[in-house]
Amino acid sequence: MSDLLKLALINGPVWAVFTTLGVAALLWLLLVGKRYVLITVPLAVAAALTVTAAVWFVTERVWNVWGAPQPLQLYVPIGLSLLALALAVPRFLRGRRIPGRVATAVAVPLVLLAAAVNVNAYYGNYPTLGTLTGTGVQIRALPTTPAAPAPGPVVTPTALTTEASWNPPPDMPTHGTVAQTTIPGTVSGVKPGGGFVWLPPAYLASPRAVVPVLVLLHGVPGGSMDWIAGGQLPELMDAYAAAHKGLAPIIVMPDANQGSVAEPTLCMDTSHGKAATYLAADVPGWIKSTLDAGHGSARNWAVAGFSYGGTCALQLAVNFPAVFPTFIDISGENAPTIPAGRQALINGYFNGDAAAFARQNPLDVLKTGNFPDTAGLITVGAEDSFYKPQGEQVYAAAKATGMNVTLQTVPGSHTWQAWRAGLANNLDWLMQRYGVVP
């Protein structure tokens, strides 16, 4: 069963089979009789094109649902799905025998399934069958006492365990653990949704290592599960830990949007709630009290995220440099945004006070701030024509302050190919920044 859950959905045999079946099914719906091909099919194509264009116009021009222009890899499958639906009834009626009508009834969902598989192959949200079904990773409940997640004494309350000094005990687990939790808004007063924690093998050992902390943020639309599913975080971190004596950061994936997509919190303190305070005070406080981690210097802490989460990581690093002096901004924006635009954001979140927005907007803060102890990476997808220029602008603004910041281009567009690489390629840099590995 475990091998079945590891089946890749974005390439390989599964993708090839469903794509081939979808093409065959679409040909079945298209090719049947000269009059049908010359009259019915063109009408269906015209209808599918019209509706697809309407979907594009409404989602991108009217509501800006995606927050950025989307590629043909989204709209072509949508158009082909609509074409299959438009042909369903006329092709069903053309089948004068039961086998033909059954074939038509099967063909339509096959086209829809092939379209979904190819959209997923581009974005990479569900790389394996296990991530699609939610059974690929064992999720455990997080105990509430400091000692329960990792029995045994802490080596020291502050100094991180280094790879050179760590001798793993014989019973140290070979894999990390994913736990589910809710981090309360004790200081901020916000009511967040659920979050997740990945605990490395060295932390689970007895005696356990003192490991650093990475707060890892998701995109919007999306949620705290995204790094576990699309990002395949457990596999990535288990592999890294295995190469470093079980050492890796505790990774905390909080709800960065308090369960809202229609009204994103923007990771800012606004009239909608104190989302920045939640991430910069409540989350670290909970980690210290519940996981008994992060008690040392600020260098024990880092924040990272992709897209919306990348923007949030930058905001937290700029506005709370004493809390998060290390950050990785993966395909983030040059400012917090909402689909309706900046003025609507200022009106709706800051009661029309542009200065209040500027006090938290990272590019404005960078103009006057001083960040001698901050280090960051800004990663952009080589094919991401919308977010790449914004990342370059952020890099230039941060560099102008004298900040220790690096711009890195990775393969891919605004998809998991680029987002996963933004973290995976920089784990060594991150652990060196913590001082755990040389």
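Counting Lys and Arg as +1 and Asp and Glu as -1 over every other residue whose Cβ lies under 12 Å from the Cβ of M172, the net charge comes to +1. The magnitude of the dipole of the chain, with charges of +1 and -1 set on the Cβ of Lys/Arg and Asp/Glu and taken from the Cα centre, is near 1480 debye. At what distance in angstrom do the alpha carbon centres of segment 38-62 and segment 176-215 lie from each other? If we compute the Cα centre of each part, the gap is 47 Å.
I'd like to know how the chain sits against the 2.2 N^0.38 Å rule of thumb: what's its Cα Rg over that expected value?
Normalised Cα radius of gyration, the chain: 1.10.
Normalised by the number of residues in segment 1-145, the average gap of Cα pairs under 8 Å and 6 or more apart makes the relative contact order 43 percent.
Computed over the chain, the per-residue total of -39500 (n - 2.57) for DSSP H runs of n ≥ 4 gives a 222 nm mean residue ellipticity of -12500 deg cm²/dmol, rounded to 500.
Surface exposure of segment 309-415, expressed per residue as accessible area with a 1.4 Å probe, stands at 38 Å².
Sorting the segments 166-172, 87-93 by their residues' average number of neighbouring beta-carbon atoms within 10 angstrom, most packed first, yields 87-93, 166-172. From most to least packed by mean Cβ count within 10 Å, the peptides 210-221, 381-392 give 210-221, 381-392.
Remind me, relative contact order of the chain in percent, using alpha carbon pairs under 8 angstrom and six or more residues apart?
13
Each of the peptides 266-274, 72-80 was scored by the mean count of other Cβ atoms within 10 Å over its residues; in descending order, highest first, they stand as 266-274, 72-80.
The H on the amide N of I139, modeled in the peptide plane, is under 5 Å from the matching H of no residue at least 5 residues off or on a different chain.
Remark: relative contact order (segment 298-438) = 23 percent; criterion is Cα-Cα distance under 8 angstrom and separation of 6 or more residues. If you sort the three axes of the alpha carbon gyration tensor as a ≥ b ≥ c, you get a/c of 1.5 or more for segment 388-438 and a/b no higher than b/c, which makes it oblate.
Expressed as a whole percent, the accessible area of segment 30-75 that falls on carbon and sulfur atoms is 74 (1.4 Å probe). Need one word for segment 11-140: rounded, prolate or oblate. Basis is the Cα gyration tensor (sqrt eigenvalues a ≥ b ≥ c); a/c below 1.5 gives rounded, then a/b vs b/c decides. Verdict is oblate for segment 11-140.
Compute the FRET efficiency between Q393 and A239 as 1/(1 + (r/R0)^6), taking r as their Cβ-Cβ distance and R0 = 45 Å, and round to the nearest 0.05. Result of the calculation: an efficiency of 0.85.
Considering only G273, G332, V37, the residue lying farthest towards the positive end of the dipole of the chain is V37, judged by Cα position with unit charges set on Cβ. When the chain is described by a simple charge dipole with +1 on each Lys and Arg Cβ and -1 on each Asp and Glu Cβ, the residue from I378, G136, A105 located farthest towards its positive end is A105.
Applying a threshold of 31 Å to the alpha-carbon distances of K6/K288; K288/K388; K274/K367 flags K6/K288; K288/K388 as lying beyond it. Helices of the chain meeting both criteria, an alpha-carbon length of 24 angstrom or more along the long axis and an average Kyte-Doolittle score not below 1.6, with helices taken as full DSSP H segments, are 12-30.
The values are calculated or read from the model by the stated rules, or taken from the named source; none is laboratory data. Since the structure is predicted, the reported quantities are computational estimates derived from the model, not experimental observations. Note: ideal-geometry Cβ built from the backbone for every residue, glycine included; neighbour counts use all protein chains shown. Heads up: the accessible areas ignore ligands, DNA and RNA and are worked out on the full protein's heavy atoms, side chains in. Shrake-Rupley method; radii C 1.70, N 1.55, O 1.52, S 1.80 Å.
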